[in-house]
Amino acid sequence: MMTNLFSVFDPTSSILSLQLNWLSATLGLAIIPISIWVIPSRFTSSFSLLLMPLHKEFKMLMPQKGMNLLFLSLFLLIMFNNTLGLLPYIFTGTSHMIMTLSLALPLWISFMLYGWINNTNHMFTHLVPQGTPVPLMSFMVCIETISNVIRPGTLAIRLAANMIAGHLLLTLLGNQGPSLSLIILSGLIITQILLLMLESAVAVIQAYVFVILSVLYSSEVTYVK
């Protein structure tokens, strides 16, 4: 029995105190056979159409090839978790801060360590935007420092909140079904289908937003003109 509205997002299925719902984060690997990646197919062609524009966009911001591969992999991981969460009885890992913050925080820490160790002067100058009046410099340093510190939190909250919002709306509307008449129920089903299509688009868009913001943050500390 659901005790509160957010209990539908709690990982409650467990065996021997192991939270089985978190295994949904690896379902993307299980449903994609290795033969699909080895032998050219329509699946690989569709993935190329999706990933090549992202690769070109990341390459303009981050010339390092290894970093582009990292962000493409991160995009696929988040997109798979977002879309799999739309299926019935599949736990949406990206709707929890523990997962989104686990993705954002290590990235931010690595960027900050790399920037302060290798580009120290650039990191100091980045704290004061160009053209800032002298009386406001100390104030701008505080603002820029706070904005840098809260970046992993904003990334994690943005992804989790957007995934929770759509799922909550689908849950609230779906719970009204048994008490509705047949005509209103038909309209509710159409509305649910439209919302599900919207959530499918949001799943891809939020993965793109998370990754592109991470690329922008990394380009500030790893690429100095």
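The values are calculated or read from the model by the stated rules, or taken from the named source; none is laboratory data. Being a predicted model, the structure only gives us computed values, none of them experimental. Cβ placement follows ideal geometry from the backbone for every residue including glycine, while neighbour counts extend to all protein chains displayed. The protein model used for the area step is the full one, side chains on, heavy atoms only, and it has no ligands, DNA or RNA in it. Shrake-Rupley method; radii C 1.70, N 1.55, O 1.52, S 1.80 Å.
Each residue of the range 134-146 was assigned a 3J(HN,Hα) from its phi angle through the Karplus expression (A = 6.51, B = -1.76, C = 1.60, θ = phi - 60°), giving 4, x, 9, 4, 5, 5, 5, 4, 5, 5, 5, 5, 5 Hz with x at Gly and Pro. Rounded to whole Å, give me the distance from the Cα center of the range 74-97 to that of the range 182-225. The distance from the Cα centre of the range 74-97 to that of the range 182-225 comes to 11 Å.
For ILE146, the solvent-accessible surface with a 1.4 Å probe is about 100 Å², rounded to the nearest 10.
Placing pseudo-labels 7 Å out from each Cα toward the beta carbon at LEU180 and LEU50 gives an inter-label distance of 3.0 nm. For the range 149-156, 3J(HN,Hα) computed residue by residue from phi via the Karplus equation (6.51, -1.76, 1.60; θ = phi - 60°) reads 5, 8, 4, x, x, 5, 4, 5 Hz, glycine and proline entered as x. Applying the Karplus relation 6.51 cos²θ - 1.76 cosθ + 1.60 with θ = phi - 60° to the range 176-192 yields 3J(HN,Hα) values of 7, x, x, 9, 9, 6, 5, 5, 5, 5, 4, x, 5, 5, 4, 4, 5 Hz, where x marks Gly and Pro. For the range 138-225, dividing the convex hull volume of the Cα atoms by the residue count gives 113 Å³ per residue.
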